[in-house]
Amino acid sequence: MFQQHGVRSLRSFRPLHQRPPPDLRDLTPLAPRPAPPAWPPRSEYGQYDIPTADVMINFKVGQPAESMLPLDEIRKAAAHKFAETDQLFLQYGFISGYPRFRRSLATFLSEWYKAPVEADNLFVTNGVTGGLGLYCMVYATAGETVFAEEPTYFLAKAIFADFGLNVVQIPMDPDGINIEALEAQLEAGNIPKFLYTIPTAHNPTGRTMSVAKRAKLVALGAQYGFHIIADEVYQLLTFPGVEAPPPLFTFDDTEDGVVISLGSFSKILAPALRLGWMEANPKILKKIFDCGTLDSSGGINPVIQGIVHSAIDLGIQAEYLTKTKQTLSDRYSALAAALTEHLPAGTTFEVPEGGYFVLVQLPEGTDSVAFNNFCQETDKKVMFLPGASFGASYGNFLRLSFSYYNAADMAVGAERLGKAITAFLSQ
Ligand SMILES: Cc1ncc(COP(=O)(O)O)c(C=O)c1O
């Protein structure tokens, strides 16, 4: 996702829906097309205009590259689905997702997770974002406190704020949440409504929670009576050769359930599908199943479920995922090599296990918001997500995404970043 946070806004990052409507004369058949303007709005699709490398390397963009979006594959899956003749495909849908889709999804996930997934434990959502929103709508009340790791996904904080929840952040270790710090809170009587974690290829650190910590965390949830929401958007996106521990739901053997694992097709197929899933004990899912919003809407995106169902059954999903893991790994390697070459002494970066991001640490005391402002004011043509947005003690950190720009562009970006850091620190 991509948002302005304490950063000077640039004309080129105006959300697309704020643009003036296209000039219809452009659509006249065979009319000569005017020369493209310097900053052409290439498409009405997409959340943001993302600059090309000559204008800016915007490392903040946590979205797949345009070249990674599988339009032909989705077209094939859609054609396959629309060859079916059951009119009810277009009816209000089965609330938790239609059974054949959930069974296909369960089979796919069981294979890729290397852990059994039951269709009855799956509930189709509008991506991880939709899953978080649904959960908060049904289970949380404004004013309640929730825990998250420090650092955490900055937009999860924004979602929790939408529901009036107070977020308390718990420090992280290289192998996941700091269990001692969490236990200290719990022993002091601070029991959250739920704890939000990103256990695998965490955003923004790229870290993966160890198996021992997964088991301990779930045990604490059961002992103290709070739910654990595992945002597993990168569970299937560890780099090739990096085996992810089993998803968090696997560790939940409690009677009523404490873990809600959230998954998404956004990063393993395409974000615009707005499709994902919750995996949880049916007792937890029941309250969501029964809520008025879903009763009225008849389930989430049944037509998209159908298209993704075909993508799974035709093997398109598996093939795309294999390719995407390699692409992300190659892009990370290119960025890592360029950062190693160009970052000045005293600035380091963390090696991620997968996902989309690299966390860079500037020398102690450096303010990465001020540094980002400096980069824009002095036209360094590089941008990133400053650490303050994902954790108060991360003021001297910044997050770089390696999903959007290609290797050559990222090398240019890393060089710009390195030079900018040197210039900023020598002021
Ligand atoms: C940790 C994390 N959770 C959730 C999302 C958004 O997921 P979705 O598109 O499934 O709503 C992102 C996207 O960047 C993310 O990094």
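The values are calculated or read from the model by the stated rules, or taken from the named source; none is laboratory data. All values reported here derive from a predicted model rather than from experimental measurement. Ideal geometry is used to build each Cβ from the backbone, glycine not excepted, and the neighbour counts take in all protein chains shown.
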For this session: Just give me the residues in segment 210-233 being of a type in the set (A, V, I, L, M, F, W, C) and either assigned to a helix (DSSP H, G or I) or closer than 25 Å to Ser266 by Cα (or both), in sequence order.
Result: Val211, Ala212, Ala215, Leu217, Val218, Ala219, Leu220, Ala222, Ile228, Ile229, Ala230, Val233
Problem set entry | Among (1) within 15 Å of the ligand (Cβ to nearest atom); (2) within 18 Å of Ala140 (Cβ to Cβ); (3) surrounded by fewer than 24 Cβ atoms within 10 Å (Cβ to Cβ), the one test that Thr197 misses | (3)
Problem set entry | Filtered residues of segment 311-363 (kept if in contact with a Ser or Thr (Cβ under 6 Å, 6 or more places away or on another chain) and either of a type in the set (Val, Ile, Thr) or surrounded by 21 or more Cβ atoms within 10 Å (Cβ to Cβ) (or both)) | Ile312, Gly354, Tyr356, Phe357, Leu359, Leu362
For this session: Evaluate the following for Asn203: is it surrounded by 15 or more Cβ atoms within 10 Å (Cβ to Cβ), under 22 Å from the mean Cα position of the chain (by Cα) and at negative phi?
Result: yes
Exercise. Taking segment 160-180 only, how many residues are touching a residue at least 12 places away in the same chain (Cβ under 8 Å) and surrounded by 16 or more Cβ atoms within 10 Å (Cβ to Cβ)?
Worked result: 10
Exercise. Restricting attention to segment 174-194, does a residue exist that is touching an Asp or Glu at 6+ places or on another chain (Cβ under 7 Å) and over 20 Å from Gly127 (Cβ atoms)?
Worked result: yes
Exercise. For Arg207, all conditions in the list (1) part of a helix (DSSP H, G or I); (2) charged (D, E, K, R); (3) within 15 Å of the ligand (Cβ to nearest atom) hold save one; what is the number of the exception?
Worked result: (1)
For this session: Give the number of residues within segment 208-225 that are touching a residue at least 40 places away in the same chain (Cβ under 8 Å) and of a type outside the set (S, T, N, Q).
Result: 3
Seminar exercise, completed: Restricted to segment 258-296 and to residues being outside any helix (DSSP H, G or I) and surrounded by fewer than 20 Cβ atoms within 10 Å (Cβ to Cβ), the residue farthest from the ligand (Cβ to nearest atom) is Asp290
For this session: Give the number of residues within segment 305-353 that are part of a helix (DSSP H, G or I), in the same structural domain as Val382 (by TED's automatic domain parsing) and in contact with a Gly (Cβ under 9 Å, 6 or more places away or on another chain).
Result: 9
For this session: Being over 22 Å from Leu122 (Cα atoms) and under 20 Å from the mean Cα position of the chain (by Cα) is the filter here, so list the residues in segment 211-237 that pass it.
Result: none
Exercise. Based on what the data block shows, is Arg399 modelled with pLDDT of 95 or more, surrounded by fewer than 24 Cβ atoms within 10 Å (Cβ to Cβ) and among the basic types (Lys, Arg)?
Worked result: no
Exercise. When you scan segment 380-408, how many residues do you find that are farther than 21 Å from Pro204 by Cα and either assigned to a helix (DSSP H, G or I) or not basic (Lys, Arg) (or both)?
Worked result: 1
